[in-house]
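What follows is one structure encoded as structure tokens, with my remarks underneath.
The values are calculated or read from the model by the stated rules, or taken from the named source; none is laboratory data. These numbers come from a predicted model, not from an experiment. Virtual Cβ from ideal backbone geometry, glycine too; neighbours counted across all protein chains shown. Protein only, heavy atoms only, side chains kept; ligands, DNA and RNA dropped before computing areas. Shrake-Rupley method; radii C 1.70, N 1.55, O 1.52, S 1.80 Å.
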Amino acid sequence: MVWLGVDLGEARVGLALSDPELTFAHPIGNIKVHGNAMDAIEDVIDIIEREQVGRVIVGVPLLLSGKQGESARKAQGWTRELMSRLLEYRNTGQIQLNDVPIVELQDERLTTVTAHRQLSDTQISTRDHRPMVDQQSAVLILQSALDARHADAIPSNEAA
């Protein structure tokens, strides 16, 4: 089983997959959406089916205050639509999945800033960041969820 990370953007939707051991996230590309992330849902469903994704982590861009703005509401709507289509397609046999994946939202505040910084640290010119930043943000979103999973699974010394 692998997990899929999704960074919704106005121009592109960035994607990342985990390894089967659920340890590391790696970029798998972008889907061009030209202003409407809903246009990416069918492509995302194809990836979910092909890779037999067990969990989808969608970045939700909360405001720095932690409250929801318009972008966060769009991410929630996108997530609801993805779940609706996955259930419909599974129930009608349009897709072959062992199980419909869990779809959850992950706070993604400042992931784009961090992604730009990481790309700069690798000596990639700022001009070349645009096509890479969305998938790098998806990596950060997914890696955060994977790390949280491992932190929850490791017993603390206090519990011993």
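Of the strands (runs of 3 or more DSSP E) lying entirely inside the stretch 1-98, the ones with 1 or more residues being free of Cβ contacts under 8 Å to residues at least 40 places away in the same chain and β-branched (Val, Ile, Thr) are found at 25-32.
On inspection, Asp147 fails the criterion of being within 21 Å of Val44 (Cβ to Cβ) and modelled with pLDDT of 65 or more. For the stretch 59-76, the criterion of being under 13 Å from the mean Cα position of the chain (by Cα), farther than 23 Å from Asp147 by Cβ and open to solvent by less than 20 Å² (accessible area, probe 1.4 Å) is satisfied by no residue at all. Output the residue which, of all residues in the stretch 28-48 that are open to solvent by 50 Å² or more (accessible area, probe 1.4 Å) and modelled with pLDDT of 95 or more, is farthest from Met83 (Cα to Cα). Of everything passing the filter in the stretch 28-48, Ile28 is farthest from Met83 (Cα to Cα).
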